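S.K.: Can you read through this structure? Questions will come right after.
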Amino acid sequence: MELKRKKRLGDLLVDGGAITQEQLMEALAKQKETHMKLGATLVEAGFTTEEAIATALSNQLGYDLIDLADIEISGQVLDLVPEKVLKKYGALPFEIPEESPNVIRVAMSDPMDMAALDDIAIVTNMTVEPVVATPKAVAMAIDRFYGQSELASQLDEYTKGKEQEELDETDDMYSEDINNSPIVQLVKSMIESAVRKRSSDIHIEPMENQVRIRYRIDGTLYQQNTYSPRILPALVARIKIIGGMDIAEKRKPQDGRITQVVDRMEYDIRVSILPTVYGEKIVMRLTSKTALTKAKKDLGFSDSELKVFDHILSNPHGILLVTGPTGSGKSTTLYTALSELNSSEVNIITVEDPVEANIDGINQVQTNNKANLTFASALRSILRQDPDIIMIGEIRDGETAGIAVQASITGHLVVSTLHTNSAASTVTRLEDMGIEPYLIADSTVGIIAQRLVRRLCPACKQEYEPDEEEKELLGIAPDEHVKIFRPRGCKLCDDNGYKGRIGVYEIMEVTHDLKKVISSGGNADDIKEQALKEGMNTLRMSATRYVMEGITSVSEMKKVSFDS
């Protein structure tokens, strides 16, 4: 043990092959400026990952490596060390071995942290046996097991101290309550918890007798907590302050923005406040820079779809449209396309409302109606900025559509989104906006309709034989024997049965024959028929493939292809 303790973390990681000596020296120099832990500095610099560090530590020190995602911890163990101590050191006691009742096994992100080992040994009066885990896994497990217990008791104290009368009638209460520790802590831990549960939105909803907190995870809302309505005024005031909004204004809707770092990743949080009959309802949308710029292979394209996608992007000019309802992943597909096209040889300019993620090397413009900077007026200015590629956040009207078409015909690649149900109906939507069919045919190079389906949790999905109705939906003969999967629920997926989402696509490349059908005024059915002849897969066909491969369930398939 003494030998293990004497060796430093950096040397262990170099010996374990997680980093090089040069990377270690660079990280140590950086660490002097930031005063962050070495492991965090190495991960932030992109030299290695948390998983690689944990594996190297486990191999070099001879400690076990543990995955905390589905572990169960007894109440007896949980009560041994206060939550504050565990959060301070990034450690979690999880087991007292039956054969050694005076030993406690502790999952640690840094098993060589002597202060942590000594403190936990003193608090528990037991011998500590370190086990290696990643910092993120430890933080998530502490969140799961200790949750809001300490915070809940602080909030109870806070609400007990309040008068029975309505608090929001007294404006001076804000001065003392906004920065009151439990409220500050509640907002911070709410955002941290939502991030760790992979939520896209937090809903804070005032009701008659309670304030309900719900998280949207993989497109579905799940209730997380309820609080006394007495905390609402201070909670709203705190969010307004950090979101740069007007505290005194309670009758009008407001929008704001918050930035918070969770597990060393910066999150951009868009806040919307809406007055309701029981008070102001808040929705916070969480996005991280990395979430919107995925690698192409992670979007869910099949090999053949990826080929078509690449071919469309290789066009020097024309319009690429991504369509689908709100929350179907259109922005992610567009940002991925832009990142793919982003190089020092091209000038890429975007006009968005609002800018969802900042990308290095791309010029991004945010619309501002007060300054009369609309999509259309911004586009006119952008065309004088010598662009090669233009991204329009959304085509909302005929004027914007007209400028986009003109820009593409005059030699620019334009990528944008539109709210339509299928690739073929996008053409008729543009016609409804007043664009001539021959111009649409001439300018459009590709249309991608997309949806998101939830992925079945790989740990607990359940195999079964579909019934007749399901076989009919999947296009399988009634007497054919096949096995597909349905959700069940386990600790790894919070008993939801699903974990993560994947894109379902309908990619229509506008070929020479399709241009003929469009310019001759063909309707959505004619366009779809021609595209199918040329090998396009509809949303239903793509979703069916995922069901047959065991990636998603029949119920998810029905959601994305009800109109097929």
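The values are calculated or read from the model by the stated rules, or taken from the named source; none is laboratory data. A quick note: this is a predicted structure, and the numbers were derived from the prediction, not measured. Note that we place each Cβ from the backbone using ideal geometry, even for glycine, and neighbour counts take in every protein chain shown. Quick note on the areas: whole protein, heavy atoms, side chains included, nothing else; ligands and nucleic acids left out. Shrake-Rupley method; radii C 1.70, N 1.55, O 1.52, S 1.80 Å.
S.K.: Output the residues belonging to region 498-530 that are over 30 Å from Tyr222 (Cα atoms) and among the β-branched types (Val, Ile, Thr).
M.R.: Once the filter is applied, which keeps residues that are over 30 Å from Tyr222 (Cα atoms) and among the β-branched types (Val, Ile, Thr), region 498-530 yields Ile507, Val510, Thr511, Val517, Ile518, Ile527.
S.K.: Out of the residues in region 104-116 that are over 14 Å from Phe94 (Cα atoms) and of a type in the set (A, V, I, L, M), which is surrounded by the most Cβ atoms within 10 Å (Cβ to Cβ)?
M.R.: This residue is Ala116.
S.K.: Taking the conditions exactly as written (assigned to a loop (DSSP other than H, G, I, E, B), under 25 Å from the mean Cα position of the chain (by Cα) and at negative phi), does Met284 satisfy them or not?
M.R.: no
Yes/no matrix, rows are residues, columns are (1) touching a Phe, Trp or Tyr at 6+ places or on another chain (Cβ under 6 Å); (2) assigned to a helix (DSSP H, G or I); (3) open to solvent by less than 10 Å² (accessible area, probe 1.4 Å):
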site: Arg384; (1), (2), (3): no, no, no
site: Arg396; (1), (2), (3): no, no, no
site: Ala401; (1), (2), (3): no, yes, yes
site: Gln406; (1), (2), (3): no, yes, no
site: Gly411; (1), (2), (3): no, no, no
site: Ala424; (1), (2), (3): no, yes, yes
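S.K.: Let me ask something else. Give me the pairs, please: first residue somewhere in region 340-363 and touching a residue at least 60 places away in the same chain (Cβ under 8 Å), second residue anywhere and part of a loop (DSSP other than H, G, I, E, B), beta-carbon distance under 9 Å, and either six or more positions apart or on two chains.
M.R.: Leu341/Asp388; Pro354/Thr367; Pro354/Gly393; Glu356/Gly393; Ala357/Thr293; Ile359/Thr293; Ile359/Asn342
S.K.: Return the residue satisfying two criteria in turn: it lies in region 466-493 and is assigned to a loop (DSSP other than H, G, I, E, B) and touching a strand residue (DSSP E or B) at 6+ places or on another chain (Cβ under 8 Å), and of such residues it is surrounded by the most Cβ atoms within 10 Å (Cβ to Cβ).
M.R.: Only one residue tops the list, namely Pro487.
S.K.: What are the pairs, 6+ residues apart or on separate chains, where a residue within region 220-239 that is without any contact (Cβ under 8 Å) to a residue 24 or more places away in the chain and open to solvent by 40 Å² or more (accessible area, probe 1.4 Å) has its Cβ under 8 Å from a residue that is outside any loop (DSSP other than H, G, I, E, B) and among the charged types (D, E, K, R)?
M.R.: Leu221/Arg214; Gln223/Arg212; Gln223/Arg214; Thr226/Arg212
S.K.: Please specify each residue of region 78-95 satisfying the condition of being β-branched (Val, Ile, Thr) and crowded, with 19+ Cβ neighbours inside 10 Å.
M.R.: Val81
S.K.: Could I ask something else about it? Right, Ile507: in a helix (DSSP H, G or I), under 30 Å from Pro437 (Cα atoms) and touching a strand residue (DSSP E or B) at 6+ places or on another chain (Cβ under 8 Å) or not?
M.R.: no
S.K.: Quick check on my filter: what residues within region 240-269 are open to solvent by 50 Å² or more (accessible area, probe 1.4 Å) and either among the polar types (S, T, N, Q) or part of a strand (DSSP E or B) (or both)?
M.R.: Asp255, Arg257, Thr259, Val261, Met265, Glu266, listed by residue number.
S.K.: Here's something else I'd like to know. Please verify whether region 451-467 includes one or more residues that are over 25 Å from Ile403 (Cα atoms), at pLDDT below 90 and of a type in the set (Lys, Arg).
M.R.: no
S.K.: So for region 362-378 (the condition being polar (S, T, N, Q), open to solvent by less than 40 Å² (accessible area, probe 1.4 Å) and in contact with an Asp or Glu (Cβ under 7 Å, 6 or more places away or on another chain)), does at least one residue qualify?
M.R.: Yes, region 362-378 has at least one match.
S.K.: Does Leu12 count as of a type outside the set (Val, Ile, Thr), over 32 Å from the mean Cα position of the chain (by Cα) and open to solvent by less than 50 Å² (accessible area, probe 1.4 Å)?
M.R.: yes
S.K.: Among the residues of region 194-212 satisfying the criterion of being in a loop (DSSP other than H, G, I, E, B) and basic (Lys, Arg), which is least open to solvent (accessible area, probe 1.4 Å)?
M.R.: Lys197
S.K.: If the Cβ limit is 8 Å and pairs must be 6+ apart or interchain, which residue in region 428-441 that is at negative phi and aromatic (Phe, Trp, Tyr) pairs with which residue that is in a helix (DSSP H, G or I) and open to solvent by less than 90 Å² (accessible area, probe 1.4 Å)?
M.R.: Tyr438/Ser519
S.K.: Looking at region 117-152 only, could you name the residues that are at pLDDT 85 or above, surrounded by fewer than 17 Cβ atoms within 10 Å (Cβ to Cβ) and hydrophobic (A, V, I, L, M, F, W, C)?
M.R.: Ala121, Ile122, Val123
S.K.: Kindly list the number of the only condition in (1) modelled with pLDDT under 90; (2) over 30 Å from Ala139 (Cα atoms); (3) among the aromatic types (Phe, Trp, Tyr) that fails for Tyr278.
M.R.: In the conditions (1) modelled with pLDDT under 90; (2) over 30 Å from Ala139 (Cα atoms); (3) among the aromatic types (Phe, Trp, Tyr), Tyr278 misses (1) alone.
S.K.: Would you check which residues across region 515-564 are open to solvent by less than 60 Å² (accessible area, probe 1.4 Å), in contact with a Ser or Thr (Cβ under 8 Å, 6 or more places away or on another chain), in a loop (DSSP other than H, G, I, E, B) and within 13 Å of Leu473 (Cα to Cα) and list them?
M.R.: Residue satisfying the conditions is Ser561 alone.
S.K.: Of everything in region 441-462 that's in a strand (DSSP E or B) and small (Gly, Ala, Ser), which residue is farthest from Ala424 (Cα to Cα)?
M.R.: Restricting to residues being in a strand (DSSP E or B) and small (Gly, Ala, Ser), the top hit is Gly446.
S.K.: Could you tell me how many of the residues in region 320-338 are open to solvent by less than 10 Å² (accessible area, probe 1.4 Å) and either in contact with a strand residue (DSSP E or B) (Cβ under 8 Å, 6 or more places away or on another chain) or among the charged types (D, E, K, R) (or both)?
M.R.: Total satisfying the criteria: 10.
S.K.: State all residues of region 270-313 that are among the charged types (D, E, K, R) and open to solvent by less than 70 Å² (accessible area, probe 1.4 Å); if no residue qualifies, say none.
M.R.: Arg270, Glu280, Lys281, Lys296, Glu305, Asp310
S.K.: Every residue in region 441-459 that is buried (at least 18 other Cβ atoms within 10 Å of the Cβ) and over 30 Å from Thr511 (Cβ atoms), please.
M.R.: Across region 441-459, the qualifying residues are Arg454, Arg455, Leu456, Cys457.
S.K.: Which one is most open to solvent (accessible area, probe 1.4 Å) among residues in region 55-64 that are on the phi < 0 side of the Ramachandran plot and in a loop (DSSP other than H, G, I, E, B)?
M.R.: In this case the residue turns out to be Asp64.
S.K.: Report, by residue number, each residue of region 24-54 that is out of contact with any helix residue (DSSP H, G or I) (no Cβ under 7 Å at 6 or more places or on another chain), without any contact (Cβ under 8 Å) to a residue 60 or more places away in the chain and in a helix (DSSP H, G or I).
M.R.: Met25, Glu26, Ala29, Lys32, Glu33, Ala52
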